[in-house]
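Structure first, commentary second.
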Amino acid sequence: MQKHQIQVRVRYSETDQMGVVYHGNYIPYFEIGRVEWLRNKGVNYKTLEESGIALPIVSMNINYKKPAYYDELLTISTTFKSQSSVKVEFDCEIHNEKNELLTTAHFILVFVELATGKPINPPDYLKDILSKPD
């Protein structure tokens, strides 16, 4: 199982009047986790796009268990689950400073050729990265 963690501090602009993180702001947190998971494996998302490949989300399932609050330090854990032909799947979790599980998510992304908008198999170097255990 390939897992990566990164920490993010909740900014004031991400919260409502009660200091609770607005539910839509979890999606960028999970994106940070996925992008940094790739970077940790030597894949720069910007370079991937410059080579004509994108990874749009085609399915997302988020479960909110407890709220996150302004100025909390959150740990975003991103775990690679599987890769089959054009799809790649990740599970994510967010914990607070007390190590309480706040949110879980599952994402399915598809490799897409930017020029055509059509799904494609990932390049061999990405297949190699995705197939290597930690």
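The values are calculated or read from the model by the stated rules, or taken from the named source; none is laboratory data. Keep in mind that what you see is a predicted model, and the values were worked out from it rather than measured. Every residue, glycine among them, receives a Cβ derived from its backbone with ideal geometry; neighbour counts consider all protein chains shown. Side chains are part of the model used for accessible areas, which takes the heavy atoms of the whole protein and leaves out ligands, DNA and RNA. Shrake-Rupley method; radii C 1.70, N 1.55, O 1.52, S 1.80 Å.
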Of 27, 62, which has the most accessible area with a 1.4 Å probe, and how do the rest follow in descending order?
27, 62
Collect residues whose amide H, placed 1.01 Å from N in the peptide plane, falls under 5 Å from the amide H of residue 81; neighbours closer than 5 in sequence don't count.
89, 90, 91
Relative to the longest principal axis of the C-alpha atoms of the chain, give the angle of the C-alpha long axis of helix 26-40, reported between 0 and 90° and rounded to the nearest 10°.
50 degrees
Label-point separation, residue 5 to residue 71 (7 Å along Cα→Cβ), nm:
2.4 nm
In square angstrom, what is the accessible area per residue of the range 1-94 with a 1.4 angstrom probe?
56 Å²
Per-residue accessible area, 1.4 Å probe, largest first, puts 73, 102 in the order 73, 102
For the chain, the accessible surface attributable to carbon and sulfur atoms (probe 1.4 angstrom, ligands and nucleic acids excluded) amounts in percent to 50 percent
Trypsin sites (Lys or Arg not before Pro), restricted to the range 60-134: which are DSSP loop and have at most 12 other Cβ atoms within 10 Å?
65, 98
Env charge @ residue 127, Cβ radius under 14 Å, K,R +1 / D,E -1, value +1
What FRET efficiency would be calculated for the residue pair residue 116, residue 62, taking the C-beta separation as r and a Förster radius of 30 Å, to the nearest 0.05?
0.50
